[in-house]
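**Q** One structure is given below, represented as structure tokens, and several questions about it will come after.
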Amino acid sequence: RALKSEGVCESVLYGLPFIIKPTSCWQLDWDELETNQHSFHALCHSLLKRKWMLLAKHEPQNTSPSCNTVLLSYYVIIPSDSATLLVKAVAIRELLLPSAFPALLAEHPERVHGPIESALNSLEVEVAYNPLHLKSNLYKHLKSLLYKPPHRQQAQPREQRPERHQPKQVSHCLAKAAVAPLLMAASPHCTFRPAAAAAARRDSCEHSLLPGEYKE
């Protein structure tokens, strides 16, 4: 079924659109591919010339044996000048809600119509919409949300800082050297015989050269 383009309201179209392109399957012959390309281009050109849309009905191939009814869905095929067809789902009776919108007035007061016309005339008019001309900073926004700066440790107050334990200094014990006492001169009043004097002198020297803790 065919529909006039001006008779289809955008409010009855919903869902994600699909794009139809002519096939380029390698299993087809070159002549078949070329014929299919020309037929597709001719269809787009004829629909644009007539300002028509196509209403398509989809029936599922495999149905459940327990279900007696077949669920149907409808789509609108919209032509374009880019050698592609746009497919969008169209609302059906079960999806519509009752609504009453007032009709547009045919005439308006001049005091209201004049400012509106002057405001519209001041706008810049583009022939076609190009999404490449608009930028929403989406990537910068996502980057700012996902980027986590490195965590910096805050400086703690002096009273909250943990005390650093200084290494204990090992006290070194100073070793005292034992010095042997000097030899004492013999008293002039003591007289000994030569042999006894020599033995006594040798015995006195041995006792005087040894430290005090080694004396028996």
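**Q** What whole-number distance in Å separates the alpha-carbon centres of the stretch 70-130 and the stretch 1-58?
**A** One Cα centre to the other: 21 Å.
**Q** According to the square roots a ≥ b ≥ c of the eigenvalues of the Cα gyration tensor, what is the shape class of the stretch 67-113, taking rounded for a/c under 1.5, prolate for a/b larger than b/c otherwise, and oblate for the remainder?
**A** It is oblate, given that a/c is not under 1.5 and a/b is not larger than b/c.
**Q** Filter K57/K135; K51/K140; K21/K49; K51/K135 down to the pairs with a C-alpha to C-alpha distance above 30 Å, please.
**A** Over 30 Å Cα-Cα: K57/K135; K51/K140; K51/K135.
**Q** Rounded to the nearest 0.05, what FRET efficiency do H108 and L3 give with R0 = 25 Å and r taken as the Cβ-Cβ distance? Could you check?
**A** 0.25
**Q** Once a ≥ b ≥ c are taken as the square roots of the eigenvalues of the Cα gyration tensor of the stretch 88-127, is the result rounded (a/c under 1.5), prolate (a/b larger than b/c) or oblate (a/b not larger than b/c)? Intermediate results must be reported in sequence, preceding the final value.
**A** Values: a/c = 5.40, a/b = 1.73, b/c = 3.13.
Because a/c hits 1.5 or more and a/b fails to exceed b/c, the stretch 88-127 counts as oblate.
**Q** Let me ask something additional. I need the calculated FRET efficiency for the pair T23 and S66, taking r as the beta carbon distance and R₀ as 30 Å, to the nearest 0.05.
**A** That pair, T23 with S66, gives E of 0.25.
**Q** Also, quick follow-up: Note down the nm distance, to one decimal, between modelled labels 7 Å out along Cα→Cβ at S11 and at H141.
**A** Simple spin-label model gives 2.8 nm for this pair.
**Q** Which shape class applies to the stretch 23-108: rounded if a/c is under 1.5, otherwise prolate when a/b exceeds b/c and oblate if not, where a ≥ b ≥ c are the square roots of the Cα gyration tensor eigenvalues?
**A** Note, shape of the stretch 23-108 comes out oblate.
**Q** Please identify the chymotrypsin sites (Phe, Trp or Tyr not before Pro) of the stretch 4-58 that satisfy two criteria: DSSP loop assignment and at most 14 other Cβ atoms within 10 Å. Which are they?
**A** Within the stretch 4-58, the qualifying chymotrypsin sites (Phe, Trp or Tyr not before Pro) (loop, at most 14 other Cβ atoms within 10 Å) are W26.
Since every read-out is calculated from the coordinates, none of them should be taken as a lab result. Note that the coordinates shown come from a computational prediction; the quantities given were computed from them, not determined experimentally. Because the Cβ atoms are built from the backbone with ideal geometry, glycine has one as well, and the counts that use them run over all protein chains shown.
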